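S.K.: The structure's right below; bear with me while I get my questions together.
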Amino acid sequence: MGIVVLAASQVGHLLTSELRRGPGAALVLDGTGVHAYASTLATLALGIGGAAVLAALLVVAAARTLRTGFLAPARRPARRPLLDLAAALFAVQLAVYLVQETLEAAAGGARPLSPGDLILWGCAGQLPVALLAALLLRWLTASVEAAVAELVAAAGQPLATGPALCATRTWTFARPALRCRPAGRQRSERGPPTLLCPA
Amino acid sequence: MNLYLHAFGPRYDLPISLALYLYAAAGVVVVSFVMVAIFASDKTGERAVHYPRLAAPFLLAVGRSPVFRAITGGIGVLVLLAVVVTGLLGVQNALQNPASYLTWIYFWAGLVILSGLVGNLWTLFNPWTAIYDLATLGRRPGPRFRLPEGTGVWPAAVLYLLFVLFELASGVASQPAVVATLAILYSVITLTGMFLFGRDEWPQHGEAFTVLFSVIGRFGPVETERDDRGRLTGVWLRPWGTGLLQRQRAGWDWVVFVILMLASLAFDGILATPAWQSFDVTMGHWVQGLGTLAEPVTRTLGMVLLLAAFLLIFVAFVRLMLYFGGRRGEELTVVTAFALTLVPIALVYNAAHNYSYLTYNAQSLIPLLADPLGRGWHLLPTAAYQPSLALNAAATVWYMQIILIVLGHVIAVYLAHLRAGEQFRTAQKALLSQYPMLVLMVLYTMTSLWILAQPTTKGG
């Protein structure tokens, strides 16, 4: 979740910066100082990095959705509400955007963003990315939760129904000389279960 | 709207920096939170939202009187007719046409604030229920169709959003003929809905203003009760704001409606800030291919973005409240319950934002009464009336705005505290749940004041 938030906030930051630059404008390095290009390059690099993370998650989510998406609704794993995810992502992304813009302005000697700028540009850049990231997370959490549910269900199954026990049963009768374990310690020591030992 | 937009005259030079005002206002909200935590009731469950009310038999008699209903309904119909006639036949200049004043100042700003102060006045002045009653001779025939299950107030929310976009984004809201035409169109939609789905059923689900005033009216001190046939059965007086603690059906339709009230008012304020000018110019480059539609599209985008942002941030904070309050599940019930505690903020923001319209611009209707259609008539001796600026000095406006905004947020903090007592198991959990709400209130107070300060003060 933390990685997705950070990645999404950087993509949103890059989107905002491109929106503010205007359509068709070439990349211009801000300022004229020796290291004045650092801010623009950092925005670009972090934004592209964040986009790469989201793209990778998109591939994983799409692949997993192809597996679970065609299941009947009753068998489809439960998903987290999209609104909750989008709300959490957007709130944190907006906070990251505020801090990042303030730090960049302070580093560049510019005026910090006004509340109006923050609301308008923050929404324009961060909101679409938050919605996209929420969709991704929803798909991913559905798959992860389904996998965890399967593991939990498998762990709770009695050993008697598992095929491995049948093999043990055969093996036990084939090697009767093996020492039987005391009851209640089946899982801690090697050897056949007590109930399978000949009387 | 171009009616002397924010006509404050010279901008006001604040005696201290704007930031100090913002911090002070936020401080008052924090202190009020502490006071509420210490002195307010720590009851939980149903008892937490119980409030005293006093029967008002005099108001019940007045409310039941058919003569009173005929007079108020008649006034509503007359105003609607005045908007249509003067809008279509009068001077096509918003400043010289009564339709603009009646719609945007007396109805949209004045009646909303008055309903918050007094109670739901729309039930009395609603012109469409009056026309319906007249057309059916008060017989109230049954509905021909039933609204689908789960309709909620979604139709009303959609119509409200369209109305807001017309006001703030279309760019034609100051054209009287357009206002009059849309008033006719809306009347047709509403009356058709009432004939198809029922006199009370359609307005409660699909008439934006009925739903809006039912929400705003909950803040007022007059509480009414009606039977299944819509007849008034009881009238009580209650403390201001407590009506918002009444039980409300949980639903995203209600949450979106309340958030839309807040977001539209904030967007109206943002339009007057330098930040919007910058946003508008920059985004204009992206949509310049749309020609004359570029401005409405940019504004619509801004409004939708703000609505989505307000909704998401509110949901995020309610999630935090649930976490701090140790409650699991039933998120929608909690979201709906706390959404209504935001209504005082919407109400005071409306009053603060429209203060100059109500105290100054509203007076400009008086000389127009002498010649409403601009034909050189002298129907009343009011043509020479000059609006007074007595209540509209920039300093007065600024301090009124501060008082209103802080007051609204303090009331919201108090109501949220009581609501938390109802929603969470123990008083301690309820108090813990309110820390995120406090942060939200502080942020909202500072942002609201910053927005309001922009056109008023030099410091803005």
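Just so you know, all these numbers are worked out from the coordinates, no wet-lab data involved. Given the structure is predicted, the values throughout are model-derived calculations rather than measurements. FYI the Cβ positions are ideal-geometry reconstructions off the backbone, even for glycines, and counts take in every protein chain you see.
S.K.: What is the average number of partner chain Cβ atoms found within 10 Å of a Cβ in B:268-281? Mind dumping the intermediate values first?
M.R.: Numbers: counts 0, 1, 4, 0, 1, 6, 3, 9, 4, 1, 6, 9, 1, 1.
Across B:268-281, the average partner-chain Cβ count within 10 Å equals 3.
S.K.: B:Val62 versus B:Ile75, label points 7 Å from Cα toward the beta carbon: distance in nm?
M.R.: Spacing of the two 7 Å Cα→Cβ label points: 1.0 nm.
S.K.: Sticking with this one: State the extension gain, in nm to one decimal, for the chain segment bounded by B:Arg226 and B:Gln428, taking 0.36 nm per residue of separation less the distance between their alpha-carbons.
M.R.: 69.0 nm
S.K.: Could you derive backbone 3J(HN,Hα) for the stretch B:400-407 from the dihedral phi with the Karplus parameters 6.51, -1.76 and 1.60 (θ = phi - 60°), listing whole Hz in sequence and x where the residue is Gly or Pro?
M.R.: 5, 5, 4, 4, 5, 5, 5, 4
S.K.: Right, here's the next one. How shielded is B:319-328 by partner chains, expressed as the average number of their Cβ atoms within 10 Å of its Cβ atoms? Mind dumping the intermediate values first?
M.R.: Numbers: counts 5, 2, 0, 0, 0, 0, 0, 0, 0, 0.
Partner-chain Cβ atoms within 10 Å, mean over residues of B:319-328: 1.
S.K.: Sticking with this one: Run the helix sum for chain B: -39,500 (n - 2.57) per DSSP H stretch of 4+ residues, divided by residue count, reported at 222 nm to the nearest 500 deg cm²/dmol. Mind showing how you got there, number by number?
M.R.: Details: 19 runs with 276 residues, N = 460.
Mean residue ellipticity at 222 nm (helix-derived): -19500 deg cm²/dmol.
S.K.: Here's a follow-up. What does the charge add up to near B:Leu117, with Lys and Arg as +1, Asp and Glu as -1, over the other residues with Cβ less than 14 Å from its Cβ? Could you put the intermediate results ahead of the total?
M.R.: Numbers: positive: B:Arg218, B:Arg238; negative: none.
Here the charged neighbours net out to +2.
S.K.: Enumerate the amide H contacts of B:Gly234 below 5 Å, restricted to partners 5 or more residues apart or on another chain; note that Pro and chain-start residues carry no placed amide H.
M.R.: Close amide H contacts, sequence-distant or interchain: B:Glu225.
S.K.: A:Ala106 versus B:Leu54, label points 7 Å from Cα toward the beta carbon: distance in nm?
M.R.: Taking the simple label geometry, A:Ala106 and B:Leu54 are separated by 5.5 nm.
S.K.: What is the projected area of the convex hull of the Cα atoms of the stretch B:37-128, averaged over all directions, in nm²?
M.R.: Details: hull surface 39.5 nm².
Across all orientations, the stretch B:37-128 yields a mean hull projection of 9.9 nm².
S.K.: Averaged across A:83-92, how many Cβ atoms of other chains sit within 10 Å of each residue's Cβ atom?
M.R.: 5
S.K.: Translational diffusion coefficient of chain B at 37 °C, 0.692 mPa s, Stokes-Einstein with Kirkwood Rh over Cα pairs, in µm²/s as a whole number.
M.R.: Details: Rh = 23.5 Å.
Result for D is 140 µm²/s.
S.K.: Further question: Once the Cβ-Cβ distance between A:Leu98 and A:Ile3 is put in as r, and R0 is 25 Å, what FRET efficiency do you end up with, to the nearest 0.05? The partial results should precede the final answer.
M.R.: On the way: r = 20 Å, r/R0 = 0.80.
The calculated FRET efficiency here is 0.80.
S.K.: If the chain between B:Ser187 and B:Leu95 were fully stretched, how many nm would it gain, using 0.36 nm times the residue separation less the Cα-Cα distance?
M.R.: On the way: separation 92, 0.36 × 92 = 33.12 nm, distance 2.45 nm.
Taking 0.36 nm per residue and subtracting the Cα distance, the gain is 30.7 nm.
S.K.: Placing one identical point scatterer on every Cα of the stretch B:310-355 and ignoring solvent, what is log10 I(q)/I(0) from the Debye formula at q = 0.19 Å⁻¹?
M.R.: Ignoring solvent entirely, the Cα scatterers give -0.64.
S.K.: Okay, next question. Give a residue-ordered list of calculated ³J(HN,Hα) values for the stretch A:89-106 (Karplus: 6.51 cos²θ - 1.76 cosθ + 1.60, θ = phi - 60°; whole Hz; x for Gly, Pro).
M.R.: 4, 5, 4, 6, 4, 5, 5, 4, 4, 4, 5, 5, 5, 5, 5, 5, 5, 5
S.K.: Same structure again: Take the Cβ-Cβ distance between B:Val297 and B:Ala395 as r, set R0 to 30 Å, and report the resulting FRET efficiency rounded to the nearest 0.05.
M.R.: 0.20
S.K.: First measure r as the distance between the Cβ atoms of B:Asp280 and B:Val158, then evaluate 1/(1 + (r/R0)^6) with R0 = 25 Å and state the FRET efficiency to the nearest 0.05. Could the numbers behind the result be given before it?
M.R.: Working: r = 25 Å, r/R0 = 1.02.
Taking R0 as 25 Å, the efficiency between B:Asp280 and B:Val158 is 0.50.
S.K.: Another question, then. Net charge around B:Val281, counting only other residues with Cβ within less than 12 Å of its Cβ (Lys, Arg = +1; Asp, Glu = -1)? Before the final figure, lay out the partial values.
M.R.: Numbers: positive: A:Arg20; negative: B:Asp280, B:Glu295.
Charge balance in the 12 Å sphere: -1.
S.K.: In nanometres, what is the gap between the two model label sites at B:Tyr385 and A:Ala52, each 7 Å from Cα along Cα-to-Cβ?
M.R.: Simple spin-label model gives 7.0 nm for this pair.
S.K.: Near B:Val91, within a Cβ-to-Cβ distance under 11 Å, what is the net charge of the other residues, with Lys and Arg +1 and Asp and Glu -1?
M.R.: Numbers: positive: B:Arg375; negative: B:Asp371.
Every neighbour counted, the sum reads 0.
S.K.: Provide the gained length on full extension for the span B:Arg47 to B:Glu330, in nm with one decimal, where the gain is 0.36 nm per separating residue minus the Cα-Cα distance. Before the final figure, lay out the partial values.
M.R.: Details: separation 283, 0.36 × 283 = 101.88 nm, distance 2.01 nm.
Value of the extension gain: 99.9 nm.
S.K.: Got a sec? Which residues in the stretch B:139-160 would a label at B:Phe195 touch, if it sits 7 Å along Cα→Cβ and we count backbone N under 19 Å?
M.R.: Counting only backbone N, you get B:139-147.
S.K.: Continuing with the same structure: If N is the number of residues in the stretch B:55-238, what value comes out of its Cα radius of gyration divided by 2.2 N^0.38 Å? Mind showing how you got there, number by number?
M.R.: Working: Rg = 16.7 Å, N = 184, 2.2 N^0.38 = 16.0 Å.
This ratio for the stretch B:55-238 stands at 1.05.
S.K.: Highest first, please rank the peptides B:412-421, B:84-93 by the mean number of other Cβ atoms sitting within 10 Å of their residues.
M.R.: Details: B:412-421: 24.6, B:84-93: 18.4.
The packing order, highest mean first, is B:412-421, B:84-93.
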